[in-house]
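Enquirer: First the structure, which I've put down as C-alpha cells, then a few questions once you've had a look.
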Amino acid sequence: MTERENRSERGPAYEPVAIERKWQERWGTEHVNAFSDDGLAAAPRPFYNLMMFPYPSAEGLHVGNIYAFTGADIYGRWMRLRGYDVFEPIGFDAFGIHSENFALKQGTHPLDLIPRNVANFTRQLRRTGAMYDWDHTVDTTDASYYRWTQWIFLQLFKAGLAERKEAPVNWCPSCMTVLANEQVIGGRCERCNTPVEQRTIAQWFFRISDYAQRLLDNLEWIDWSESTRKAQQNWIGRSEGAELRFPLDWTPPDEFWDSAFAGDTEEAEAIAALREELDENESRVDEITIDVFTTRPDTVFGATFMVLAPEHPLVPWITGDAQRAAIDEYRTQVGAMDLVARKKTDKEKSGVFTGTYAINPATDERIPVWIADYVLMEYGTGAIMAVPGHDERDFEFATKFALPIVRVVAASVEVANAPMAAAEPHEGVLVNSDRFDGIPADDAKAEIVAWLAERGMAETRVNYRLHDWCISRQRYWGPPIPVVYCDVCGIVPVPESELPVLLPRIENYQPNQSGVSPLARDESWYRVPCPQCDAEARRETDVSDTFLDSAWYFLRYPSANRDDVAFDAELTRKWLPVTMYIGGEEHSVLHLMYARFITMVLKDLHLVDFEEPFRTFRKHGLIIRDGAKMSKSRGNVVVPDDYIERWGADTFRTYLMFLGPYQEGGDFRDQGLMGPYGFLNRLWDTVLPVKELGGGPLEDAIEQKLHATIRKVGDAIGSLSYNTAIAAMMEYLNTVREGGRAANRAEVEPLIVLVAPFAPHIAEELWQHLGHDESLFRRASVRREPPSVGFEIAIDDGGARGLWPAYDADKATADIVEFVVQVNGKLRARMPMPRGIVEAEAREAALADENVRRFVDGKQIRKVVFVPDKLVNIVAS
RNA sequence: GCCGGGGUGGCGAAAUCGGUAGACGCAGCGGACUUAAAAUCCGCGGGGCUUCGGCCCAUGUGGGUUCGAAUCCCACCCCCGGCACCA
C-alpha cells in the first residue's frame with residue numbers, strides 16, 4: 001500500500017501550517033483572551049504571566065526569544081487550562097543604543113525603522129502560537145508610554161532620589177555615552193566590548209545604593225531562581241567591617257582651607273565638616289584624618305603604610321614639594337588608563353610616595369602615605385590601611401617598595417616572628433598586637449574596634465559594592481530627561497502637566513566624543529522658558545537609560561490603554577505583583593535589580609502597595625546550536641521563520657521544550673525536530689479515526705497509564721521540567737498505540753488537553769474533531785456550566801476549574817508491581833507481585849526464586865530489607 | 001580567588017526524602033511493506049564474558065558511610081556562567 005492509499009484510509013495527513021493559520025485567526029476573532037465582558041477588571045482568578053519583552057531588532061525574532069517565550073507561554077496556557085484568568089501580555093523595548101546603532105548603520109532614522117521592526121516582530125510573535133493579549137501591549141518608544149517613564153523620573157526627583165552630580169563615570173568611547181556600572185563587564189562596554197574609560201561629567205543618578213540593604217534583605221524570601229538571587233547578592237556586595245581613622249602627621253598649608261574642595265564628593269564634604277568641627281573646638285589642624293574601610297580591623301597593628309587612590313581629593317594637598325612632579329605624573333598616567341588596564345589584577349604594582357605620614361591609631365607609629373592604582377576610588381573610602389603581612393596585594397607592594405612587613409596573626413604566639421615569605425591571609429591568634437596578643441583574630445575584630453572607638457578612631461560599618469545608578473545617556477534614542485536648567489532657578493523639573501517632553505525628530509543624531517548629547521544640536525528644541533520664572537532656560541539634552549523604560553513596564557501592561565495615569569490603582573491591586581516571571585539570567589543585575597528598586601521607591605511613595613514586583617521568577621537556560629554558541633559569524637543561527645514554515649509552530653515549540661531541561665537550556669540540532677514531529681503526527685493519526693461516539697471503556701492497563709501520565713505531566717509543567725512532561729506524553733501515546741490497536745475516545749480526549757500547552761494548534765484541531773465546537777482555551781477560561789467531556793476535570797486548591805483532567809492517585813498505580821530482589825544489595829531477580837504485598841509474603845516469594853537461592857543457599861540470612869511495593873534485599877553471609 | 005550550575009551510552013537526556021542506572025527521543029542496525037527509494041510499522045541497542053540460566057564491570061577521579069550510593073560525606077580533577085587589585 002502506498003502512503004497515499006494508506007492515508008486515504010486513515011484520513012487526511014497532518015498539515016500543520018494550514019491548521020495553525022486557522023486557529024491563530026480564530027483565537028483572535030473569538031477573543032480567547034477575554035476573561036469576561038469587563039476584561040481585566042472583572043477577572044475572578046488573576047494570574048499575571050510575564051515574559052521579558054523583546055528589543056525589536058531588524059534581524060527579527062531570535063530562537064532565544066522564542067525559547068524564552070514558549071516556555072513562559074506553556075506555563076500560562078497550562079494555568080489557563082486549569083481555570084485561571086491568565087494575563088499574558090507582550091510589548092517592545094525599543095529605545096536604546098542597540099536600535100540607534102543599527103539605525104545609524106542602515107542610514108534609516110529610528111523613528112522610521114522601529115515601527116517596521118515592531119510590525120515584523122508582531123507578525124513573527126503571532127506565528128509562534130503564544131496566547132498574547134494583543135489588546136494590552138506597550139512600546140517604550142511611544143510617547144504614550146515614555147510620558148510615564150518621564151513621570152517616574154519626576155517622582156524620584158521629587159523624593160530626592162534623582163540627583164545630578166559630577167562624578168567619575170564609565171564612558172564608552174565607541175558608543176560615545178556614559179554607562180551604568182551594571183553595563184560594564186570586566187571593564188568593557190557590555191554592548192560593544194570596547195574598554196571603558198573614566199570621565200568626570202555631571203550626570204543624573206538614581207540613589208539605588210540607599211536601597212542596598214533592602215534589596216539584599218528581600219532576596220532572603222522572594223521566590224526566585226537560586227542563581228539569580230546569588231548574582232544579585234554578589235552584585236550588591238555587602239561587606240561588614242569598620243571605618244578606621246588615621247590622623248595625618250602633617251601641617252596643612254593655608255590654601256588647604258581655601259581650596260577648591262567645593263566639589264560635591266563625599267571626601268570634600270567630609271573635609272568641610274571636619275574644618276567646622278575643628279574650628280568649633282579650636283583643635284589642632286593636624287587632627288585631620290584619612291578614613292579607611294576595612295573588613296580586618298583585627299590586623300590594624302600590622303598596618304605599616306597607607307595607600308590612597310590616585311584620584312583621592314586629599315592627594316594634591318598632602319603631596320610634598322619634592323614629590324609633586326612624580327605624583328602629578330602618576331595621576332595623569334592612571335587617569336588616562338581605560339578600565340580594562342586599570343583593573344587588571346596581574347600587572348606589577350606601581351605607586352608613588354606622597355611625602356606625608358599618618359599615625360597608626362593602634363601603634364601610634366608614623367606610617368607613610370602612598371598613592372597606587374590598585375586602590376579604587378569607587379570602593380569604600382578610596383583609601384586603605386595597608387597590612388602587607390596579611391594581604392597579598394599589600395605584600396606585593398611592600399616588597400617592591402621595601403616597606404616594613406609585620407605579622408599580626410599567627411597560628412600561635414610562638415611563631416610570631418618567623419620570617420614571612422608571603423601574605424598570610426589565614427585565621428589564627430593576634431601577635432605583635434600589644435594587649436591583644438593571643439586573642440583569636442575573629443574575636444579581636446570587635447574588641448579592637450571598641451578600643452579604638454573610645455578615642456573616636458573607629459566605628460563599625462558595612463560597605464556595599466552597589467553604586468548609584470547613572471541614568472544619563474548622551475545619545476538620541478531615548479526619552480528626554482524631563483528637566484530644565486534656568487540661570488535663576490537652577491534645576492527645574494518639567495511640570496507633570498507638560499509631559500511628555502517629546503523626543504524631536506532630528507536628522508543629525510550621531511553621537512560624538514564631546515560628552516554632549518545630539519539633542520544639544522537642536523536649539524529650537526532645547527531653548528524653553530523656565531517653567532517657574534519664565535526666564536530663558538534650557539532643557540536637559542541627555543536621554544535616560546533604556547533600563548529605566550523596562551524597570552516599570554510590567555506596571556503599565558494592565559493599564560496600557562489608559563492615558564490619564566501611568567498605572568491604574570484598581571487594576572494594579574488586582575494584577576500585581578506579577579505572579580510568574582520567566583526570563584533570561586543575563587538581566588540578573590540589570591533589569592531585575594532596577595525593576596525591584598523602582599518598585600520599592602513607588603511603594604515608599606505610596607503609589608503601589610507591594611515592594612517586590614515579581615512574586616516568582618524563574619530563569620531559563622540558553623540555547624546553543626550543534627554544540628556551539630549561535631552567532632552570525634559562525635553561521636549557525638537558527639532562523640525561526642524557516643522552521644515554523646516547514647514543520648509548524650507546534651513542532652518547533654515542542655522540540656524547543658524537549659531538547660533539554662528548560663532551566664538549563666540545550667543544544668539545537670535539526671535532526672532532533674523529527675522526534676516531536678513524529679509524535680504530533682502519530683497523535684494526529686491516532687485521534688483522527690476516533691469518532692465522536694466511538695470507543696468503549698478504558699482497558700485497565702491504559703487507564704492506569706493515563707492517570708499516571710496526567711499526574712506526571714502536571715507535576716512536570718509545574719516545575720518547568722517540560723522535557724520530561726513531553727516524554728511522559730510520548731510514552732502514553734506509545735502505550736495507546738501498542739500493537740497497532742485503534743484508540744478510543746476516552747483514551748485520547750484527556751491527552752489532547754495535556755498536549756495543548758505545548759502544541760496548542762493541533763490540540764484545538766483534534767479537540768474540534770472530537771465534536772467540541774468551542775475553542776479549548778476559550779472553554780477553559782470562560783466560566784459557564786461545566787463542559788461535557790468524557791473525563792474528570794481537576795479542581796485546583798483555589799477552586800479554579802478549567803479543562804485540565806484530574807487523576808486518581810489510586811488508579812495511577814498498577815495493581816501488579818514489579819519487585820526487585822537483591823541479595824547483599826545486588827540485583828538477583830525481578831518478579832511481579834500484587835501491590836501492597838506484606839513483607840513476609842514478599843520474602844517468601846523472593847526466596848523461592850531459583851537465582852536468588854543460588855546466592856543465598858549455604859549462607860546465613862542476617863537480615864531482610866523490605867521496601868513496600870519496591871524491593872526485597874536479603875542480607876546473607 | 002569567591003559565588004552559582006554541571007560532568008551519566010555514539011548523541012540530547014531520564015532517574016537525586018539512597019532502592020531495577022540509561023525512561024523519552026535522535027542517529028544506527030535488523031526485519032515487514034515496496035520493482036526500488038521515501039514514508040510507515042515491528043524488533044535490537046552501555047562494555048566484557050556466557051554452558052544462554054545468567055555472571056562481572058560501569059554514572060569525572062580517589063577514599064568513606066550504608067544491607068544498598070549517579071544520589072549522602074571527605075579530598076581532588078575538568079567544563080559552563082557570574083563577580084573580582086572590593087581592602
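Enquirer: Taking a temperature of 4 °C and a viscosity of 1.567 mPa s, what whole-number D in µm²/s does Stokes-Einstein yield for the stretch A:24-114 with Rh from Kirkwood over alpha carbon pairs?
Expert: It diffuses with D of about 84 µm²/s by this estimate.
Enquirer: I would also like to ask the following. Over the stretch A:730-877, what portion of Cα pair distances is larger than 24 Å, expressed as a whole percent?
Expert: Values: 5891 of 10878 pairs.
Within the stretch A:730-877, distances greater than 24 Å cover 54 percent of Cα pairs.
Enquirer: Mind putting together the pair-distance distribution for the stretch A:325-379? All Cα pairs, 5 Å bins, whole percent per bin, short to long.
Expert: Pair shares across the bins are 4, 16, 23, 22, 16, 11, 7, 2.
Enquirer: Using alpha carbons only, how many degrees (0 to 90, rounded to 10) separate the axis of helix A:63-81 from the longest principal axis of chain A?
Expert: 60 degrees
Enquirer: Next question. The stretch A:204-251: percent of C-alpha pairs farther apart than 16 Å? Display every interim value, and only then the final one.
Expert: Values: 634 of 1128 pairs.
Above the 16 Å cut-off, the stretch A:204-251 has 56 percent of its Cα pairs.
Enquirer: Here's a follow-up. As an exercise, find the ratio Rg/Rh for the stretch A:696-770 from alpha-carbon atoms, using the Kirkwood inverse-distance average for Rh.
Expert: 0.96
Enquirer: Measure out, as a whole number of angstrom, how far apart the alpha-carbon centroids of the stretch A:359-408 and the stretch A:518-547 sit.
Expert: That distance is 47 Å.
Enquirer: Return the whole-Å distance between the Cα centroid of the stretch A:87-155 and the Cα centroid of the stretch A:335-357.
Expert: 44 Å
Enquirer: Report, please, the projected area of the stretch A:110-251 averaged over directions, based on the convex hull of its C-alpha atoms, in nm². It would help to have the intermediate numbers written out before the result.
Expert: Details: hull surface 60.5 nm².
For the Cα atoms of the stretch A:110-251, the hull's average projected area reads 15.1 nm².
Enquirer: Taking the convex hull of the Cα atoms, report for the stretch A:610-736 its projected area averaged over all directions, in nm². Present the calculation step by step, with values, prior to reporting the outcome.
Expert: On the way: hull surface 46.6 nm².
Spelled out: convex hull of the Cα atoms, projected over all directions, averaged, 11.7 nm².
Enquirer: Let me ask something additional. Whole number please: convex hull volume per residue of the Cα set in chain A, in Å³? Spell out each step's value before the answer.
Expert: Numbers: hull volume 210.0 nm³, N = 877.
Taking only Cα atoms, chain A has a hull volume of 239 Å³ per residue.
Enquirer: Once both axes come from the Cα atoms, what is the angle between helix A:591-604 and the longest principal axis of chain A, in degrees from 0 to 90, rounded to 10?
Expert: 80 degrees
Enquirer: For Cα pairs less than 8 Å apart in space and 6+ apart in sequence, what is the mean separation divided by the residue count of the stretch A:25-92, i.e. the relative contact order in percent?
Expert: Details: 55 pairs, mean separation 29.4, N = 68.
Answer for the stretch A:25-92 is 43 percent.
Enquirer: Can you order the peptides A:833-845, A:587-599, A:57-69 by their average number of other Cβ atoms within 10 Å per residue, highest first?
Expert: Working: A:833-845: 14.1, A:587-599: 22.8, A:57-69: 20.1.
Those peptides, ordered most packed to least, come out A:587-599, A:57-69, A:833-845.
Enquirer: How large is ³J(HN,Hα), in whole Hz, for each residue of the stretch A:498-507 in order, when computed from phi with the Karplus curve 6.51 cos²θ - 1.76 cosθ + 1.60 and θ = phi - 60°, using x for Gly and Pro?
Expert: 9, 6, x, 7, 5, 6, x, 7, 10, 7
Enquirer: Something else about it: With an 8 Å Cα cut-off and a minimum separation of 6 or more residues, compute the relative contact order for the stretch A:315-448 in percent.
Expert: Details: 173 pairs, mean separation 19.5, N = 134.
That works out to 15 percent.
Enquirer: If you don't mind, another one. Per residue, what volume in Å³ does the convex hull of the Cα atoms of the stretch A:435-482 enclose?
Expert: Details: hull volume 7.1 nm³, N = 48.
Cα convex hull per residue, to the nearest whole number: 148 Å³.
Enquirer: Could you work out [θ]222 nm for chain A from helices alone, using -39500 (n - 2.57) per DSSP H run of at least four and dividing by all its residues? Round to the nearest 500 deg cm²/dmol.
Expert: Helices in chain A give a 222 nm mean residue ellipticity of -10500 deg cm²/dmol.
Enquirer: For the stretch A:561-666, compute Rh as the Kirkwood radius over C-alpha pairs and then the Stokes-Einstein diffusion coefficient at 20 °C and 1.002 mPa s; write the answer in µm²/s, rounded to an integer. Please list the in-between numbers first.
Expert: On the way: Rh = 17.0 Å.
Once the numbers are plugged in, D ends up at 126 µm²/s.
Enquirer: In whole angstrom, and with the biggest value first, how far do the Cα coordinates of the stretch A:280-422 range along each principal axis?
Expert: Rounded to whole Å, the extents work out to 46, 46, 28 Å.
Enquirer: Find the relative contact order for chain A and round it to a whole percent, using C-alpha pairs within less than 8 Å whose residues are 6+ positions apart. Please list the in-between numbers first.
Expert: Numbers: 1600 pairs, mean separation 133.4, N = 877.
Taking the mean separation of contacting Cα pairs over the length of chain A, I get 15 percent.
Enquirer: Quick one: angle between helix A:226-236 and the longest Cα principal axis of chain A, in degrees between 0 and 90, rounded to 10, please.
Expert: Roughly 10 degrees, rounded to the nearest 10.
Enquirer: Kindly rank A:391-402, A:537-548 from highest to lowest mean number of other beta carbons found within 10 Å of each residue. Provide the component values of the computation, followed by the final result.
Expert: On the way: A:391-402: 17.7, A:537-548: 23.9.
Peptide ranking by packing, descending: A:537-548, A:391-402.
Enquirer: Further question: What is the magnitude of the charge dipole of chain A about its Cα centre, with +1 placed on the Cβ of each Lys and Arg, -1 on the Cβ of each Asp and Glu, and no other charges, expressed in debye to the nearest 20? Could the numbers behind the result be given before it?
Expert: Working: 95 positive and 134 negative charges, 756 e Å.
The dipole magnitude comes to about 3640 debye.
Enquirer: Further question on the same structure: Determine the alpha carbon to alpha carbon distance for each of A:LYS712/A:LYS870; A:LYS230/A:LYS344; A:LYS22/A:LYS705; A:LYS343/A:LYS445; A:LYS230/A:LYS349; A:LYS619/A:LYS712 and list only those over 27 Å. Could the numbers behind the result be given before it?
Expert: Numbers: A:LYS712/A:LYS870 19 Å; A:LYS230/A:LYS344 25 Å; A:LYS22/A:LYS705 33 Å; A:LYS343/A:LYS445 29 Å; A:LYS230/A:LYS349 32 Å; A:LYS619/A:LYS712 22 Å.
Exceeds cut-off: A:LYS22/A:LYS705; A:LYS343/A:LYS445; A:LYS230/A:LYS349.
Enquirer: Given 0.36 nm per residue, what is the gain on full extension from A:GLU507 to A:ARG207 after removing their alpha carbon distance, in nm? Before the final figure, lay out each step's value.
Expert: Working: separation 300, 0.36 × 300 = 108.00 nm, distance 3.42 nm.
Contour length minus the Cα-Cα distance gives 104.6 nm.
Enquirer: Just grab the label-to-label distance for A:THR108 and A:GLU166, each label 7 Å out from Cα along the Cβ direction, in nm (one decimal).
Expert: 4.3 nm
Enquirer: Of the listed peptides A:325-334, A:217-226, what is their order by residue-averaged count of other C-beta atoms within 10 Å, with the highest listed first? Intermediate results must be reported in sequence, preceding the final value.
Expert: Numbers: A:325-334: 15.3, A:217-226: 13.8.
Packing order, densest peptide first, comes out as A:325-334, A:217-226.
Enquirer: Once you charge only the Cβ atoms, +1 for Lys and Arg and -1 for Asp and Glu, what is the size of the charge dipole of the stretch A:43-172 about its Cα centre, to the nearest 20 debye?
Expert: Charge dipole of the stretch A:43-172: 240 debye, to the nearest 20.
Enquirer: To the nearest µm²/s, what D does Stokes-Einstein give for the stretch A:289-360 at 25 °C and 0.890 mPa s, using the Kirkwood radius over alpha carbon pairs as Rh? Please report the intermediate quantities before stating the final value.
Expert: Working: Rh = 14.0 Å.
Here the translational diffusion coefficient equals 176 µm²/s.
Enquirer: Applying the Karplus parametrisation 6.51 cos²θ - 1.76 cosθ + 1.60 with θ = phi - 60° to the phi angles of the stretch A:103-118, what ³J(HN,Hα) value in whole Hz is obtained for each residue in order, glycine and proline being reported as x?
Expert: After applying 6.51 cos²θ - 1.76 cosθ + 1.60, I find 4, 4, 5, 6, x, 10, 5, x, 5, 8, 6, 4, x, 5, 4, 4 Hz.
A short reminder: the numbers here are calculations on the coordinates, not readings from a lab. Just so you know, these numbers come straight off a predicted model, no measurement behind them. Ideal geometry is used to build each Cβ from the backbone, glycine not excepted, and the neighbour counts take in all protein chains shown.
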